[in-house]
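Asker: Structure below; questions to follow.
The values are calculated or read from the model by the stated rules, or taken from the named source; none is laboratory data. Just so it is clear, the structure is predicted and the values come from calculations on it, not from any experiment. Every residue, glycine among them, receives a Cβ derived from its backbone with ideal geometry; neighbour counts consider all protein chains shown. Each accessible area value is taken on the protein alone, full model and side chains, heavy atoms only, with ligands, DNA and RNA left out. Shrake-Rupley method; radii C 1.70, N 1.55, O 1.52, S 1.80 Å.
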Amino acid sequence: MAEMQTKAVQNSKRAGVARSKKLSTRVDLTPMVDLGFLLITFFIFTTALSEPMAMGFKLPADGPAMNVANSTTLTVIPTENNEIYYFHGQLTEAIQNGLFGKTGFQPAGGIGDLLREKRKQLTAMNKVKDFTVLVYPDKSASYKNIVDLMDELVINAVPVQCLADDPATIEQLKNKLINHQ
């Protein structure tokens with residue numbers, strides 16, 4: 001609370017002029033500090049904590065293997081240096097028919113363009129619901145590249161996405177694709 005001090009300051013050296021009493025004030029800020037801490041506590045308890053940003057990941061149910069058509073399948077292998085090796089259908093047929101290549105994450109001519117082109121082909125054949133992308137990340141691929149690739153699959157509405165972790169198959173696929181480039 002504010003309180004008034006009654007002790008007056010007197011200056012008696014000047015004669016003839018009467019000075020008014022000057023009262024000094026002192027403001028007690030203790031209640032204001034209490035109010036500040038109450039407000040901080042209130043806002044901390046009532047603020048919703050931010051939800052962690054995570055990508056939904058669905059794992060397949062146990063059961064028999066699913067057969068997919070070669071014409072609707074695209075296999076991608078993200079590797080180091082923002083490179084992605086890809087092939088359409090089976091690897092041996094893709095190498096024989098030249099249906100393989102290397103791309104990246106660039107806006108023009110990157111993985112997005114490849115997915116849109118494959119989607120356009122499948123739409124013409126009325127098989128877009130069967131579009132399947134198999135992702136075999138290499139051990140040298142960065143986590144950021146895998147997340148970017150999965151984001152690109154979601155952006156391009158790929159209905160079936162499979163993430164495989166088989167180091168022997170990945171090395172075999174990568175070596176065959178690099179040797180035939």
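Asker: Among the numbered conditions (1) closer than 23 Å to Met66 by Cα; (2) more than 25 Å from the chain's Cα centre (by Cα), tell me where Lys120 comes up short.
Answerer: (1)
Asker: Sticking with this structure for a sec: Can you pull out every residue in the range 135-150 that is out of contact with any helix residue (DSSP H, G or I) (no Cβ under 7 Å at 6 or more places or on another chain) and touching a residue at least 24 places away in the same chain (Cβ under 8 Å)? Lay out the reasoning, then the answer.
Answerer: Kept after step one, since they are out of contact with any helix residue (DSSP H, G or I) (no Cβ under 7 Å at 6 or more places or on another chain), are these residues of the range 135-150: 140-148, 150.
Selection gives Ser140, Ala141, Ser142, Asn145, Ile146, Val147, Asp148, Met150.
Asker: Would you call Gly36 open to solvent by less than 90 Å² (accessible area, probe 1.4 Å), farther than 30 Å from Asp148 by Cα and modelled with pLDDT under 75? Don't jump to the end; show me each part of the working.
Answerer: Working: open to solvent by less than 90 Å² (accessible area, probe 1.4 Å): yes; farther than 30 Å from Asp148 by Cα: yes; modelled with pLDDT under 75: no.
No, not satisfied.
Asker: Restricting the range 122-174 to residues that are within 21 Å of Gly110 (Cα to Cα) and among the polar types (S, T, N, Q), which is surrounded by the fewest Cβ atoms within 10 Å (Cβ to Cβ)?
Answerer: Per the criteria, the residue is Thr123.
Asker: Is it the case that some residue within the range 101-121 is closer than 17 Å to Glu80 by Cα, among the small types (Gly, Ala, Ser) and part of a strand (DSSP E or B)? If you could, list the steps in order and put the result at the bottom.
Answerer: Initially, the range 101-121 is screened for residues closer than 17 Å to Glu80 by Cα, giving 101-106, 110-111.
Now restrict to residues that are among the small types (Gly, Ala, Ser): 101, 104, 110.
So of that shortlist, the ones also part of a strand (DSSP E or B) come out as 101.
Yes, the range 101-121 has at least one match.
Asker: So is Phe105 among the aromatic types (Phe, Trp, Tyr) and within 21 Å of the chain's Cα centre (by Cα) or not? I'd like the intermediate steps shown before the answer.
Answerer: Working: among the aromatic types (Phe, Trp, Tyr): yes; within 21 Å of the chain's Cα centre (by Cα): yes.
In short, yes.
Asker: Are any residues in the range 1-33 at pLDDT below 85 and of a type in the set (Val, Ile, Thr), and if so, which ones?
Answerer: Thr6, Val9, Val17, Thr25, Val27
Asker: Against the definition (acidic (Asp, Glu) and closer than 19 Å to Pro137 by Cα), how does Glu117 come out, yes or no? Even if it seems obvious, please write down each step before you answer.
Answerer: On the way: acidic (Asp, Glu): yes; closer than 19 Å to Pro137 by Cα: no.
So Glu117 fails the test.
Asker: Go through (1) modelled with pLDDT of 85 or more; (2) open to solvent by 100 Å² or more (accessible area, probe 1.4 Å); (3) over 20 Å from Glu152 (Cα atoms) for Arg116 and report which single condition fails.
Answerer: Of the numbered conditions (1) modelled with pLDDT of 85 or more; (2) open to solvent by 100 Å² or more (accessible area, probe 1.4 Å); (3) over 20 Å from Glu152 (Cα atoms), the odd one out for Arg116 is (3).
Asker: Out of the residues in the range 90-106 that are open to solvent by less than 20 Å² (accessible area, probe 1.4 Å), closer than 25 Å to Asp151 by Cα and touching a Phe, Trp or Tyr at 6+ places or on another chain (Cβ under 7 Å), state the one that is modelled with the highest pLDDT.
Answerer: By that ranking, first place goes to Thr103.
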